[in-house]
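> Below is one structure. I have some questions about it.
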């Protein structure tokens with residue numbers, strides 16, 4: 001529990017623009033470290049290095065199992081840590097060099113490794129990079145929840161973070177396609193190590209700048225009261241406490257399912273673009289830019305929508321746009337109604353990705369803002385603040401996109417009999433039956449998973465009016 005003289009809880013806290021800008025730079029760890037780079041990793045190990053899709057998916061998913069332990073441990077640690085730098089910043093600072101090293105090595109397996117050793121390398125580096133990103137990202141997101149207490153201002157903090165994510169995603173995508181894969185395309189094996197270390201350098205600079213920019217604010221936040229007992233004894237009770245909150249359960253489960261669907265689709269993007277739509281590797285980046293432009297529109301429009309609609313409604317609209325992105329063109333292709341190839345497929349894929357980006361942008365703003373509201377409800381119900389654990393849950397759900405989603409994609413490649421040696425044959429064509437199975441998994445299968453998430457999420461009940469009641473009760477309690 002925090003001390004009662006918490007200045008961040010007395011009225012509405014509104015951080016300065018400079019503070020929000022510096023804070024947003026920390027989004028590089030998640031967006032640059034996995035959300036963008038992981039698509040390159042999956043293609044590299046399956047289509048270029050020839051590792052079985054099931055093995056690649058399993059290697060990347062092992063980190064997800066570890067996250068189930070790491071994320072809540074880091075969340076509890078950051079909730080209860082006392083230091084002159086505050087309770088969040090020490091963990092973020094410690095993670096920076098570890099993230100840098102693990103991301104670079106993820107893209108740089110030693111040459112000549114046998115398949116078992118290559119699988120082992122990918123597993124080790126995937127686990128390491130996931131764990132170190134968790135060490136940074138869980139306290140980082142929790143710090144964002146502490147930067148504002150107002151229902152609307154919290155959305156503003158998330159928007160800054162999401163906008164920064166768009167910039168990082170664009171920069172890393174452009175770096176890959178215009179520098180390292182400009183000649184020879186994604187099947188150029190020697191471009192990946194240099195690309196990986198360049199991404200690592202970007203993450204180092206941005207996360208360091210974030211910590212320097214928010215250090216005074218982070219240090220000024222109230223310290224937790226002295227906690228007795230070891231973390232390992234406290235943690236089961238703390239986890240049971242947060243899952244006792246129905247709002248958290250609904251947000252967590254729906255977010256996990258949503259990000260798994262998104263991860264399944266995103267992991268197979270490059271396979272579909274190269275081997276079904278036959279788009280040139282150097283042109284794939286423009287599909288990515290359309291997706292990021294859609295995210296920009298969604299992120300920018302989310303605050304305006306949330307002034308008129310409930311946050312839950314904004315998420316449901318975003319998920320509906322994602323499902324449309326995974327059904328319309330893919331369904332037309334499977335029915336034989338629409339099958340553009342090469343340059344003719346570029347514009348339709350850009351439009352499709354733009355729509356998906358809007359959906360992702362809306363959800364990426366609303367979900368974290370709703371989790372902060374749920375943390376307020378938790379304090380109201382249980383008398384304790386658990387931002388670290390709450391956002392550990394959201395972080396775990398997000399990384400499920402590159403864990404369970406990647407595992408499903410890898411297993412799917414094996415099930416559809418995707419040829420492991422095709423990466424060495426530039427311009428090689430897949431049999432039509434394999435293409436059809438790839439398109440089905442890439443689109444309709446992902447949409448079914450997303451519909452399940454929508455059905456679960458529909459009963460979430462913290463509205464604007466409900467949050468106002470919670471905030472009034474908390475303010476009354478703190479003035480006693």
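The values are calculated or read from the model by the stated rules, or taken from the named source; none is laboratory data. Everything numeric in this text was worked out from a predicted model, so none of it was measured. Here the Cβ is made from the backbone with ideal geometry for all residues, glycine too, and neighbour counts use every protein chain on show.
> Taking the condition of being farther than 17 Å from residue 462 by Cβ and surrounded by fewer than 23 Cβ atoms within 10 Å (Cβ to Cβ), how many residues in the stretch 376-392 meet it?
2
> Show the residue pairs meeting these rules: Cβ distance below 9 Å; 6+ apart or different chains; first residue within the stretch 69-83 and on the phi > 0 side of the Ramachandran plot and modelled with pLDDT of 80 or more; second residue part of a loop (DSSP other than H, G, I, E, B) and buried (at least 19 other Cβ atoms within 10 Å of the Cβ).
Close Cβ pairs satisfying both conditions: none exist.
> Test of understanding: among 403, 336, 359, which residue is buried (at least 23 other Cβ atoms within 10 Å of the Cβ), modelled with pLDDT of 90 or more and over 25 Å from residue 477 (Cβ atoms)?
Values: 403 fails: modelled with pLDDT of 90 or more; 336 fails: buried (at least 23 other Cβ atoms within 10 Å of the Cβ).
Exactly one of 403, 336, 359 is buried (at least 23 other Cβ atoms within 10 Å of the Cβ), modelled with pLDDT of 90 or more and over 25 Å from residue 477 (Cβ atoms), namely 359.
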